[in-house]
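Below is one structure, written out as structure tokens, with a few remarks after it.
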Amino acid sequence: MPDDRQPGFGVYVHWPFCAAKCPYCDFNSHVRHQKVDEERFAAAFAAEMASMRERTGPREVTSIFLGGGTPSLMKPQTVGAVLEAVAANWTVPAGIEVTLEANPSSVEATRFRGYRDAGVNRVSLGVQALNDGDLRFLGRLHDVEQALGAIRLARETFPRLSFDLIYARPGQSMDAWEKELDEAIGYAADHLSLYQLTIEEGTRFHALHAAGKFAMPDPDHSADLYRLTQEVTAARGLPAYEISNHARPGAESRHNLVYWRYGEYVGVGPGAHGRFLEDGHRIVTFTEKMPETWLNLVEAKGHGVIGGEVLTRSEEADEFLLMGLRLAEGIDLARYEQLSGRPLSSRRIASLQEEALVAPVGNSRLRATSAGMIVLDAVVADLAR
């Protein structure tokens, strides 16, 4: 599907269950030792979608993303039911991107074939590292052999594949990361997501780090690792199209572009967030995080939405800046003015250009430079003043 740079309309479905909670993860994920009633959850997903459809009106979906948690713990029949529910509520053109997140430890050939038959055409694997020592440190349930087996199986089954790696790990040298990244690119089909390890409040790593159990790389070393990542991926044909995401031209994640281009999306499932236009205003929605509580809410009133807000023009413009400047293509200056009611300050743009932190793209767009990406929060704050 050609990229016309339109923001798009996505549907995100959150499966909240995992086999184990990773020590770095602050996502809404939960471990359940009893069997999950998948049919009941699938019915609740469908009910919440119907409620969202009443709010969005008729829309044409540009991408679907099943995230988590670990969606690959779902049966293929459950995935099929979820995708049928999306199509029952909105227009779903043939061939749009349908992504499912999977962990190598929960990958089976029959299950992958079932997902493909259900309509999934892109899989995102949570590999995270290509050495067993760091996989154990990160709390992953798979080893490198399982990860490579999952990558091979995904390449055989799905038209498109991405996998994640976490870098800037404790003690990781430039040479070690370059070797691991080069190896990863050799396995990658068309897309890599490469994230620096961060210590998030409320995670096990947060407590361990505070207790001095391990040390994180200093900011300068982390910046060097980031620059190395950009250089190696670009040289190997997977340039960054967003701070943490790399793809061969044309293989960018359509769903993630919905977010970064400040499109609209519906969030369905426990802890899911949505942002879409309702009566001409951009609405934020968020649902109950606890899976069983969310399920009871949906069965009682048709949805699990427990809060939200209507964004002001200023808030929309700030979000547009924050998301859009993560992209290599940058932002459309006219759209910023349309959202905010005023143009960006030419004086601030000029000042940031002098510091080589932003650069114009033709006469209509502005992007952050590679140096600007490293201090992007500061760049956005300066522009938004």
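The values are calculated or read from the model by the stated rules, or taken from the named source; none is laboratory data. In this text the structure is predicted, and so the values were computed from the model without any measurement. Heads up, the Cβs are rebuilt from the backbone with ideal geometry, glycines too, and the neighbour counts pull from every protein chain shown. Accessible surface is based on the protein model in full, side chains and every heavy atom, while ligands, DNA and RNA are left aside. Shrake-Rupley method; radii C 1.70, N 1.55, O 1.52, S 1.80 Å.
If we keep just the residues of region 76-105 that are in contact (Cβ under 8 Å) with a residue 60 or more places away in the chain and open to solvent by less than 20 Å² (accessible area, probe 1.4 Å), which is farthest from Gly250 (Cα to Cα)? By that ranking, first place goes to Val82. Here is the figure for region 232-280: residues that are touching a strand residue (DSSP E or B) at 6+ places or on another chain (Cβ under 6 Å), part of a strand (DSSP E or B) and acidic (Asp, Glu) total 2.
For (1) over 27 Å from Ala240 (Cβ atoms); (2) aliphatic (A, V, I, L, M), each residue gets a yes or a no:
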| site | (1), (2) |
| --- | --- |
| Thr91 | yes, no |
| Ile96 | no, yes |
| Phe112 | yes, no |
| Leu138 | no, yes |
| Gln146 | yes, no |
| Ala154 | no, yes |
| Arg169 | no, no |
| Glu183 | no, no |
| Gly186 | no, no |
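Out of the residues in region 229-243 meeting the condition of being of a type in the set (D, E, K, R) and surrounded by fewer than 20 Cβ atoms within 10 Å (Cβ to Cβ), tell me which one is farthest from Tyr195 (Cα to Cα).
Top of the filtered list is Arg236.
Going through (1) among the small types (Gly, Ala, Ser); (2) open to solvent by less than 30 Å² (accessible area, probe 1.4 Å); (3) in contact with a Leu (Cβ under 9 Å, 6 or more places away or on another chain) one by one, Ser29 falls short only on (3). Selection within region 303-327: residues that are without any contact (Cβ under 8 Å) to a residue 40 or more places away in the chain and touching a Gly at 6+ places or on another chain (Cβ under 9 Å). The member of this set that is least open to solvent (accessible area, probe 1.4 Å) is Gly308. Just to be sure before I move on: is Ala300 under 30 Å from Glu278 (Cα atoms), out of contact with any strand residue (DSSP E or B) (no Cβ under 8 Å at 6 or more places or on another chain) and surrounded by fewer than 16 Cβ atoms within 10 Å (Cβ to Cβ) in the structure I sent? Here the answer is yes, as Ala300 does meet what is asked. The numbered conditions (1) touching an Asp or Glu at 6+ places or on another chain (Cβ under 7 Å); (2) touching a residue at least 60 places away in the same chain (Cβ under 8 Å) are all true for Gly68 except (2). From the list Ser253, Ser244, the lone residue that is in contact (Cβ under 8 Å) with a residue 40 or more places away in the chain and farther than 30 Å from Ala81 by Cα is Ser244.
Annotation: of all residues in region 250-297 being of a type in the set (Val, Ile, Thr) and under 22 Å from Gly95 (Cα atoms), the one that is surrounded by the fewest Cβ atoms within 10 Å (Cβ to Cβ) is Val258.
For region 165-201, give me each residue that is among the charged types (D, E, K, R), open to solvent by less than 30 Å² (accessible area, probe 1.4 Å), in contact with a Phe, Trp or Tyr (Cβ under 9 Å, 6 or more places away or on another chain) and within 21 Å of Arg326 (Cβ to Cβ). Hits for region 165-201: nothing passes. When region 224-272 is examined, which residues are found to be among the charged types (D, E, K, R) and more than 15 Å from the chain's Cα centre (by Cα)? Matches in region 224-272: Asp224, Arg227, Glu231, Arg236, Arg248. Residues considered: Arg347, Arg367, Arg385. Of these, the only one that is open to solvent by 60 Å² or more (accessible area, probe 1.4 Å), among the basic types (Lys, Arg) and free of Cβ contacts under 8 Å to residues at least 12 places away in the same chain is Arg347. Within region 202-223, the residues that satisfy the criterion of being touching a residue at least 40 places away in the same chain (Cβ under 8 Å) and either surrounded by fewer than 16 Cβ atoms within 10 Å (Cβ to Cβ) or under 23 Å from the mean Cα position of the chain (by Cα) (or both) are Gly202, Thr203, Arg204, Phe205, Leu208, Phe214, Ala215, His221, Ser222, Ala223. Counting the residues of region 188-231 that are in contact with a His (Cβ under 9 Å, 6 or more places away or on another chain), among the small types (Gly, Ala, Ser) and assigned to a helix (DSSP H, G or I) gives 0. Among the residues of region 116-164, the ones that are assigned to a loop (DSSP other than H, G, I, E, B), surrounded by fewer than 20 Cβ atoms within 10 Å (Cβ to Cβ) and under 18 Å from the mean Cα position of the chain (by Cα) come to 1 in all.
Return the only residue of Gln34, Gln6 being open to solvent by 10 Å² or more (accessible area, probe 1.4 Å) and over 24 Å from Leu257 (Cα atoms).
Gln34 is the lone residue from the list that is open to solvent by 10 Å² or more (accessible area, probe 1.4 Å) and over 24 Å from Leu257 (Cα atoms).
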